[in-house]
């Protein structure tokens, strides 16, 4: 595997700074560059690296800018001889590759890449060194890509804790349209209904609407660029979703108008079943098959240290908490923690919690 001693990160937002922080933990020398001197300074203060000085050549340059400017940045860096190899982290791959070829970039030293990780928050302050741990990282080499460049990117992904997945650029864009880009738009469409919703509706909101709309809090300017760069695949997915929703709406209206009985709900039920099937196909922990976990629900106080106490009990009885979800009780200083555990561990954990005074509904 190629050894990377020095890396240049161009674009110190969430992903770029997270890459830098992950590499710093592996003792890689990281140089930082961004057109906004303020975010470079913040990333540097967070320990992400040192400011890049033109003329310094590194082993690899990571281009962490919006998809439509990746190729321009690549061309400028290659002209300056900034690195031996180059990659990017944009969530669209075919567009940067087309533009890079059009600009005459050296495609032998460039491998388009995309870590499938992120957060609703943006900017260097939201960056985390562990953002990529266990997450897939798409690598999209072309026939021109040199084996050395691909080996170098494999090394970078492993240093960041990601799992490299080699995929064709066009196939990648169709895939992320289904699993990332269209879901963001649909979440935004649901969240947009809340903008003018009456206060009573918001007062009744629970965990379901939070789950569905969580990703809609992303930066609109960033997402506009992403969607424009993958316009056709996203449009095709959204049209299919719109067809399903229109059919369900028509069925519900027919039932409401008493033009049909319960049999008129067949299309609705069919979509709900397909939804369950699709959810079950989402890979589980470590990328393996989805697993059915048992849920242990615990009432917790809304005060410091409660989760730490809860996890301590699990540690004491040797139960691994696979996932956790919190739901706060409106107007009350408490909430519920749903702990996902292996089915055989549920009773062990439940008994231990009750024994130590925790309230389980």
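The values are calculated or read from the model by the stated rules, or taken from the named source; none is laboratory data. Predicted, not measured: the structure shown is a model, and the values here were computed from it. Here the Cβ positions follow ideal geometry from the backbone for every residue, glycine too, while neighbour counts run over all protein chains shown.
Brief remarks on what is shown
- The listed residue being without any contact (Cβ under 8 Å) to a residue 60 or more places away in the chain and closer than 15 Å to residue 293 by Cα, out of 308, 345, 352: 345
- Within the range 297-314, the set of residues being modelled with pLDDT of 85 or more and loosely packed, with under 11 Cβ neighbours inside 10 Å comprises 304, 305, 308.
- Residues (over 24 Å from the mean Cα position of the chain (by Cα) and part of a loop (DSSP other than H, G, I, E, B)) located in the range 3-35: 3, 4, 5, 27, 28, 35
- Check on residue 259, assigned to a loop (DSSP other than H, G, I, E, B) and either more than 29 Å from residue 179 (Cβ to Cβ) or touching a helix residue (DSSP H, G or I) at 6+ places or on another chain (Cβ under 8 Å) (or both): yes
- Which listed residue is surrounded by 12 or more Cβ atoms within 10 Å (Cβ to Cβ), in contact (Cβ under 8 Å) with a residue 60 or more places away in the chain and outside the structural domain of residue 337 (by TED's automatic domain parsing), from 268, 237, 248: 237
- Qualifying residue in the range 207-228 (condition: farther than 30 Å from residue 95 by Cα, in contact with a helix residue (DSSP H, G or I) (Cβ under 8 Å, 6 or more places away or on another chain) and free of Cβ contacts under 8 Å to residues at least 24 places away in the same chain): yes
- Odd one out for residue 318, checked against (1) in the same structural domain as residue 202 (by TED's automatic domain parsing); (2) more than 29 Å from the chain's Cα centre (by Cα); (3) at pLDDT 90 or above: (1)
- Qualifying residue in the range 18-25 (condition: buried (at least 23 other Cβ atoms within 10 Å of the Cβ) and closer than 21 Å to residue 100 by Cβ): yes
- Residue selection: residue 12 satisfies the criterion of being more than 19 Å from residue 163 (Cα to Cα), touching a residue at least 12 places away in the same chain (Cβ under 8 Å), touching a helix residue (DSSP H, G or I) at 6+ places or on another chain (Cβ under 7 Å) and crowded, with 21+ Cβ neighbours inside 10 Å.
- Subset of the range 304-327 (residues that are closer than 24 Å to residue 214 by Cα and touching a helix residue (DSSP H, G or I) at 6+ places or on another chain (Cβ under 9 Å)): 321, 322, 323, 324, 325, 326, 327
- Extreme residue, nearest to residue 128 (Cα to Cα), among residues of the range 34-55 that are buried (at least 23 other Cβ atoms within 10 Å of the Cβ) and without any contact (Cβ under 8 Å) to a residue 40 or more places away in the chain: 40
- Considering 101, 71, 76, the condition of being in contact with a helix residue (DSSP H, G or I) (Cβ under 8 Å, 6 or more places away or on another chain), free of Cβ contacts under 8 Å to residues at least 60 places away in the same chain, more than 26 Å from residue 213 (Cα to Cα) and outside the structural domain of residue 185 (by TED's automatic domain parsing) is satisfied by 71 alone.
- Residue within the range 79-94 that is without any contact (Cβ under 8 Å) to a residue 40 or more places away in the chain, on the phi < 0 side of the Ramachandran plot and under 22 Å from the mean Cα position of the chain (by Cα) present: yes
Per-residue answers, yes or no, for (1) modelled with pLDDT of 80 or more; (2) in a helix (DSSP H, G or I); (3) within 30 Å of residue 137 (Cβ to Cβ):
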residue: 246; (1), (2), (3): yes, yes, no
residue: 249; (1), (2), (3): yes, yes, no
residue: 253; (1), (2), (3): yes, yes, no
residue: 265; (1), (2), (3): yes, yes, no
residue: 272; (1), (2), (3): yes, yes, no
residue: 275; (1), (2), (3): yes, yes, yes
residue: 295; (1), (2), (3): yes, no, no
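- Qualifying residue in the range 137-156 (condition: in contact with a helix residue (DSSP H, G or I) (Cβ under 7 Å, 6 or more places away or on another chain), surrounded by 15 or more Cβ atoms within 10 Å (Cβ to Cβ) and either closer than 15 Å to residue 16 by Cα or at pLDDT below 95 (or both)): yes
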